[in-house]
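S.K.: The structure follows.
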Amino acid sequence: MSVRIGGATIALENAVSLSAFAAVGGKKEGEGPYGGFYDYIDADDYFGQSSFELAESAMQGLAFQNAVEKRGVEPKDLSMIIGGDLLDQCIGTSFGVRDFSVPFFGIYGACSTISEGISLGSLLTDSGASKLCAAITSSHFCTAERQYRFPLEYGGQRTPTSQWTATASGAVIIEKGEAPPFVRAVTVGTIVDKGVTDANNMGAAMAPAAYSTIKRFFDDTGFSPENFDAIVTGDLGNVGSRLLCELFERDGVSLREKHLDCGRMIFDQNAQDVHAGGSGCGCAASMLCGYFLPEIKAGRMKNILFAATGALLSPTSSQQGMSIPGIAHLAWISSDRPQNR
């Protein structure tokens, strides 16, 4: 069975494999430096649908179908799907996977949803409660703008600290297996709220949560950044990434040489106008499924910490001037098979 280490980290006993994965993106993501790593790029961000909300659901369906086909199974073979998105009541996911008739757990971790889904799916797999499951999430620039800020037609001015919500989706198949990548351990995040109220500065709101979770993993396990090829965060962007490194430097720990942030990677910040970087559930999910997992599978990376970050606000809380709580869930993903205890 899984073994709890310290206050928040759970080591997996069995070889829990991320056996298949797929990334889907929009036009802007396809034009970014990692556009060639996606399984599918849509030409106009509508994905053949009549609205952006329907497009986000279609995007999730595409990512899920690609992952299932790569694994060589049918949707009916899955024990469950674990997923969510940024839209009210997670309609992007529920409408995206409803036709597959697979048992479904809907979750909400904001932009940390993919690491939350992988963590839950890995724990269920390790325990034997799931034989074959999927973790899935997405975001869409136009749906997020409509829900959290202003309709695109408004033409609102973006602040320097604002980030561009990625139009992207990622899906992962999780099972006990013999082929990497393996999930070796997960660290469950705690909600951290430092009083940031600016909804256009998500990096500052989420950085303390990323620091808290990654530090808990190091404290629980005794590991340090030197044990990993990369410490990957979800979408802290330029502002949050700088703050994360500064928080660790207060502890005498240097993270800069190991730290990679999906929000800083997904777009070309010189050629694409994204201000402080990328964000959204699909940012971390598509970079993980499109780039990092293939790197681990091929052996070019051996160990990474993947800590997607989320800002747990809603339009209502933001309009009422409430602060923005942050969350980060972490998965240790490795090319090395764990040894059974």
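S.K.: When the Karplus curve 6.51 cos²θ - 1.76 cosθ + 1.60 is applied with θ = phi - 60°, which whole-Hz ³J(HN,Hα) does each residue of segment 303-320 get, with x for Gly and Pro?
M.R.: These are the phi-based 3J(HN,Hα) values: 9, 9, 9, 10, 10, 6, 10, x, 9, 8, 9, 9, x, 5, 4, 5, 5, 8 Hz.
S.K.: Need one number: convex hull volume per residue for the chain, Cα atoms only, in Å³.
M.R.: Dividing the Cα hull volume of the chain by its residues yields 122 Å³.
S.K.: Here is a further query. Could you give the size of the charge dipole of the chain about its Cα centre, using +1 on the Cβ of each K and R and -1 on the Cβ of each D and E, expressed in debye and rounded to the nearest 20?
M.R.: 680
S.K.: Report the gain in length on full extension from residue 249 to residue 159: 0.36 nm times residue separation, minus Cα-Cα distance, nm rounded to one decimal.
M.R.: Value of the extension gain: 29.7 nm.
S.K.: Can you put 241, 317 in order, fewest other beta carbons within 10 Å first?
M.R.: Fewest to most other Cβ atoms nearby, the residues stand as 317, 241.
S.K.: What's the longest bit of the chain with no exposed GluC sites (Glu not before Pro), using DSSP loop states and at most 11 other Cβ atoms within 10 Å as the test?
M.R.: Result for the longest clean stretch: 1-177.
S.K.: Mind listing the long-range amide H neighbours of residue 261? Cut-off is under 5 Å, sequence gap 5 or more, other chains count too, H placed in the peptide plane at 1.01 Å from N.
M.R.: 233
S.K.: Please grab the % of Cα pairs in segment 1-76 that end up more than 20 Å from each other.
M.R.: In whole percent, the share of Cα-Cα pairs in segment 1-76 beyond 20 Å is 51.
S.K.: At 222 nm, what value in deg cm²/dmol follows for the chain if DSSP H runs of at least 4 each add -39500 (n - 2.57) and the sum is divided by all its residues, to the nearest 500?
M.R.: Computed ellipticity for the chain at 222 nm equals -9500 deg cm²/dmol.
S.K.: Taking a temperature of 10 °C and a viscosity of 1.306 mPa s, what whole-number D in µm²/s does Stokes-Einstein yield for segment 1-155 with Rh from Kirkwood over alpha carbon pairs?
M.R.: It comes out at roughly 96 µm²/s.
S.K.: Still on this structure: Run through the DSSP bridge list for the chain and note the antiparallel percent, rounded to the nearest 5.
M.R.: In the chain, approximately 70 percent of DSSP beta bridges are antiparallel ones.
S.K.: Residues with amide H under 5 Å of residue 193's amide H, sequence separation 5 or more or different chain, H placed in the peptide plane at 1.01 Å from N; which?
M.R.: Correct list: 326.
S.K.: Using +1 at the Cβ of each Lys and Arg and -1 at the Cβ of each Asp and Glu in the chain, identify which of 107, 320, 307 lies farthest towards the dipole's positive end.
M.R.: Value: 307.
S.K.: Can you work out the FRET efficiency for the pair residue 242 and residue 51, with r the C-beta to C-beta distance and R0 = 41 Å, to the nearest 0.05?
M.R.: Taking R0 as 41 Å, the efficiency between residue 242 and residue 51 is 0.65.
Any read-out appearing in this document is the output of simple, stated calculations on the displayed coordinates, not a laboratory observation. These numbers come from a predicted model, not from an experiment. All Cβ positions, glycine included, derive from the backbone under ideal geometry; neighbour counts span all protein chains shown.
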